[in-house]
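**Q** The structure under discussion is supplied below as structure tokens; questions concerning it will follow.
The values are calculated or read from the model by the stated rules, or taken from the named source; none is laboratory data. Quantities reported herein were computed from a predicted structural model and do not represent experimental measurements. Reconstructed Cβ throughout: ideal geometry from the backbone, glycine too, with neighbour counts over all protein chains shown.
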Amino acid sequence: MNRKDILLQNHLPTLMVPQFESLPELQKNRSRLLIADDGLWIEAKTAWGVLIKRIFESPRPLPYGSVEEKTALLSGAIPIRFLERFVAQANESGQEGLETAAWIIWSADEGWQYLELDLLVQNVGSVMFRWPELAPETSLVLDMHSHGRGPAFFSETDNRSDQGTAHFSLVIGNCAKGRALAELDTAIRLCLSGFFFEDSENISLWKSSGKEMTCGIISDP
Ligand SMILES: [Zn+2]
């Protein structure tokens, strides 16, 4: 095989899921496609989580093993105070009709941190920032931006900016000074190698009580 194909395939390999033995362990900070009995899946393993989602369903059973959906935050859920801080920031910018952005990052040593971004462009229809250089053991977990007074949705620009490493992406809309989270418009999705998952049953801000981290990425204090 030529070297360009080897490079491409090594970046995002596809594995046939075995039926009669367990799936080989995925290395940290890697992603792979899995062809399973019911279709094509993507799996990502980061320092903060293990994520397995189906991309598309096969019209007939395939001769491979099965895979189960997973959204497990090994880091634990994000503390709500970080979300509240961004709501205040989004409301303040929204009051002037402007968009804004911030990141929530995590490392095993430092835990959760709120990262203020160096905003290069900030206006009514867009926000652009200098891409932060993170320390090797620190990962982006939640990329947040606001749409000012407009509704929350993922635009074509958002789709381009949400490529790359595994992370969650949150948009807040309908912002104005003093508005509580419940009064704001929100949209959240999981981004895995340019595939986006918005299913509200499995990916939402809040987790249902008592269950393993399968639903919701923010925890109460
Ligand atoms: Zn947007």
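**Q** Please determine, by comparing only the residues of the range 152-173 that are surrounded by fewer than 19 Cβ atoms within 10 Å (Cβ to Cβ) and more than 10 Å from the ligand (Cβ to nearest atom), which one is farthest from SER31 (Cα to Cα).
**A** If we take residues in the range 152-173 being surrounded by fewer than 19 Cβ atoms within 10 Å (Cβ to Cβ) and more than 10 Å from the ligand (Cβ to nearest atom), then ARG160 is farthest from SER31 (Cα to Cα).
**Q** Has the range 78-99 got any residue that is within 16 Å of the ligand (Cβ to nearest atom) and under 16 Å from the mean Cα position of the chain (by Cα)?
**A** Looking for residues that are within 16 Å of the ligand (Cβ to nearest atom) and under 16 Å from the mean Cα position of the chain (by Cα), one finds none in the range 78-99, hence no.
**Q** Residues of the range 114-142 being aliphatic (A, V, I, L, M) and away from the ligand (no atom under 16 Å from the Cβ), which ones?
**A** If the condition is that a residue be aliphatic (A, V, I, L, M) and away from the ligand (no atom under 16 Å from the Cβ), then LEU115, LEU134, ALA135, LEU140, VAL141 are the ones that fit.
**Q** Just to be sure, is GLU183 more than 30 Å from HIS11 (Cβ to Cβ), more than 14 Å from the ligand (Cβ to nearest atom) and at pLDDT 95 or above?
**A** The answer is no for GLU183.
**Q** For the range 115-145, give me each residue that is in contact with a helix residue (DSSP H, G or I) (Cβ under 9 Å, 6 or more places away or on another chain) and crowded, with 18+ Cβ neighbours inside 10 Å.
**A** Across the range 115-145, the qualifying residues are VAL127, LEU142, ASP143, MET144, HIS145.
**Q** How about the range 174-189: which of its residues are in a loop (DSSP other than H, G, I, E, B), of a type in the set (Gly, Ala, Ser) and surrounded by 15 or more Cβ atoms within 10 Å (Cβ to Cβ)?
**A** ALA176
**Q** What pairs can you find where one residue is in the range 72-88 and more than 16 Å from TRP206 (Cα to Cα), the other is of a type in the set (Phe, Trp, Tyr) and not in a loop (DSSP other than H, G, I, E, B), and their Cβ atoms are less than 6 Å apart, with a gap of 6+ or different chains?
**A** ARG85/TYR114
**Q** Within 24 Å of SER75 (Cα to Cα), in contact (Cβ under 8 Å) with a residue 60 or more places away in the chain and either in the same structural domain as TRP131 (by TED's automatic domain parsing) or not acidic (Asp, Glu) (or both), is that true of LEU184?
**A** So LEU184 fails the test.
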